[in-house]
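Student: Pasting a structure here, questions to come.
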Amino acid sequence: MNIEKTIIGGAQSLKNSNIKNPYLDSELLMLKVINKDRKYIILNSKKKLSSKYLENFKNLVCRRKRREPIAYLINSKEFWKQKYFINKHVLIPRPDSEILVEETLKLYEKKKKINLLDVGTGSGCLLLSILKERKNFLGTGVDISKNAINTAQFNAKVQKLNNRVKFYISDIDKFLIGKYDLILSNPPYIKKFDLKYLDEDILLYEPKVALDGGSDGFSEITKVINKASDLIKRNGKFILEIGYNQKNETINRLINKNFYINKIVKDYGKNDRCIISTKI
Ligand SMILES: C[S@@+](CC[C@H](N)C(=O)[O-])C[C@H]1O[C@@H](n2cnc3c(N)ncnc32)[C@H](O)[C@@H]1O
């Protein structure tokens, strides 16, 4: 069977299982199996595939049919301007979280030197995207998951940022190291009860520790706010991602900890997604 026919067959099989973008997914899985780029596929569409490749491809299509996200199957996701290595231990970076990167870059000019902390760094996508854009920033990433920190460390190495970043495995509650000009965080913020309403792709495969915000959705948000209040320098900035219905309660918690609210930023779906505040 040649490359083109195999992709079409894979797409048909995915379509029959109601996968949303069957052709795109099938092509991405083929690229992963043969370890080539799209150009190669276009130029070599009639090339025959070895039985080993065919078997690997079928296996990935089966996993996709069981709703395993493409990013986990191909171990990659684009975020901001880079590709990140992704595995089942980290949340798949979301386009909406790019708002945190964008807002950070607006706050600091290119030559500024600051210390920045990313709480719940996961794949490292927020922290590393910012460090890539601001050569004088020094970064620290903390995560409760050892596997997530290993993944972030790997991404830092690939992006040649490992000399400007430190990673720690810790519950943010117990983290005591450093003082920061900027703290950012995309914490888990979904109510435990609501987890079961998530799409199967997310519910069955993404790490619960990255999603579960406790019974009211605020357990990790509250921890991060309390700790940020201790670790941030005076006049330091705090950029926090929140759920679409968490603005008012989060603002109350921030004000209680002496943060001044600068700005609420909406996401691409026009939901309140990010709060920018200053420690006073
Ligand atoms: C929503 S994910 C965000 C990952 C990444 N920053 C991003 O934006 O894609 C939340 C991350 O927080 C971590 N986490 C959850 N509870 C934590 C805690 N108490 N202390 C530190 N990290 C925590 C999870 O392991 C997960 O990697």
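Bear in mind that the values in this text are calculations on the coordinates, not laboratory data. Note that this is a predicted model, so its numbers are computed, not measured. In this analysis, Cβ positions are derived from the backbone assuming ideal geometry, glycine residues included, and neighbour counts consider all displayed protein chains.
Student: Give a quick list of trypsin sites (Lys or Arg not before Pro) in the range 137-216 that DSSP marks as loop, anything other than H, G, I, E or B, with at most 10 other Cβ atoms within 10 Å.
Tutor: Hits after loop and neighbour filter: Lys160.
Student: May I ask you to evaluate 6.51 cos²θ - 1.76 cosθ + 1.60, the Karplus curve with θ = phi - 60°, for each residue of the range 147-159 and list the ³J(HN,Hα) values in order in whole Hz, giving x for glycine and proline?
Tutor: 5, 5, 4, 4, 5, 4, 4, 4, 4, 4, 5, 4, 8
Student: Taking 7 Å along the Cα-to-C-beta vector as the label spot, tell me the Tyr268-Lys88 distance in nanometres, rounded to one decimal.
Tutor: 2.8
Student: Per q in 0.12, 0.15 Å⁻¹, report the Debye log10 I(q)/I(0) for the chain, using one uniform scatterer on each alpha carbon and no solvent.
Tutor: Taken in order of the listed q values, log10 I(q)/I(0) reads -0.78, -1.09.
Student: Loop-only check: which trypsin sites (Lys or Arg not before Pro) in the range 80-126 are DSSP coil with at most 13 other Cβ within 10 angstrom?
Tutor: Here the trypsin sites (Lys or Arg not before Pro) that fit, given the DSSP loop and packing criteria, are Lys81, Lys110, Lys111, Lys112, Lys113.
Student: Something else about it: For Arg63 and Phe154, what is the calculated FRET efficiency with R₀ set at 22 Å and r taken between the beta-carbons, to the nearest 0.05?
Tutor: Between Arg63 and Phe154 the formula returns 0.50.
Student: Could you derive backbone 3J(HN,Hα) for the range 169-185 from the dihedral phi with the Karplus parameters 6.51, -1.76 and 1.60 (θ = phi - 60°), listing whole Hz in sequence and x where the residue is Gly or Pro?
Tutor: 8, 6, 5, 4, 3, 9, 8, 10, 8, x, 10, 10, 7, 9, 10, 10, 7
Student: If you take every DSSP beta bridge fully contained in the chain, what fraction is antiparallel? Give it as a percent rounded to 5.
Tutor: 45
Student: Continuing with this model, one more query. Among the listed pairs Lys65/Lys88; Lys15/Lys46; Lys15/Lys196; Lys174/Lys233; Lys110/Lys174; Lys39/Lys88, which have their C-alpha atoms separated by more than 27 angstrom in this model?
Tutor: Going by Cα-Cα distance, Lys110/Lys174; Lys39/Lys88 fall outside the 27 Å limit.
Student: For the cross-link pairs Lys36/Lys166; Lys20/Lys106; Lys106/Lys223; Lys20/Lys266, which exceed 29 Å when the distance is taken from alpha carbon to alpha carbon?
Tutor: Too far apart for the 29 Å limit: Lys36/Lys166; Lys20/Lys106.
Student: What angle do you read, to the nearest 10 degrees and between 0 and 90, between the alpha-carbon axis of helix 219-231 and the longest principal axis of the chain?
Tutor: Approximately 50 degrees, to the nearest ten.
Student: Once you place label points 7 Å from the Cα toward the Cβ at Asn147 and Lys196, how far apart are they in nm?
Tutor: 2.4
Student: Right, something else. May I ask for the angle, rounded to the nearest 10°, between helix 22-34 and the longest principal axis of the chain, with both axes built from Cα atoms and the value confined to 0 to 90°?
Tutor: 80
Student: Here is a follow-up. Collect residues whose amide H, placed 1.01 Å from N in the peptide plane, falls under 5 Å from the amide H of Lys77; neighbours closer than 5 in sequence don't count.
Tutor: Here the answer is Tyr84, Ile86, since their amide H atoms fall under 5 Å of that of Lys77.
Student: Based on DSSP loop calls and a cut-off of at most 15 other Cβ atoms within 10 Å, the longest stretch of the chain free of exposed chymotrypsin sites (Phe, Trp or Tyr not before Pro) is what?
Tutor: Answer from the scan: 1-243.
Student: Show me, for the range 12-21, the HN-Hα J-couplings you get by feeding each phi into the Karplus relation (A = 6.51, B = -1.76, C = 1.60, θ = phi - 60°), rounded to Hz, glycine and proline as x.
Tutor: Residue by residue, the range 12-21 yields 4, 5, 5, 4, 4, 9, 6, 7, 4, 10 Hz.
Student: Under a 5 Å amide H to amide H cut-off, with H placed in plane at 1.01 Å, what residues pair with Tyr168 once short-range neighbours are removed?
Tutor: The list, which skips near neighbours in sequence, is Gly141, Val142, Asp143.
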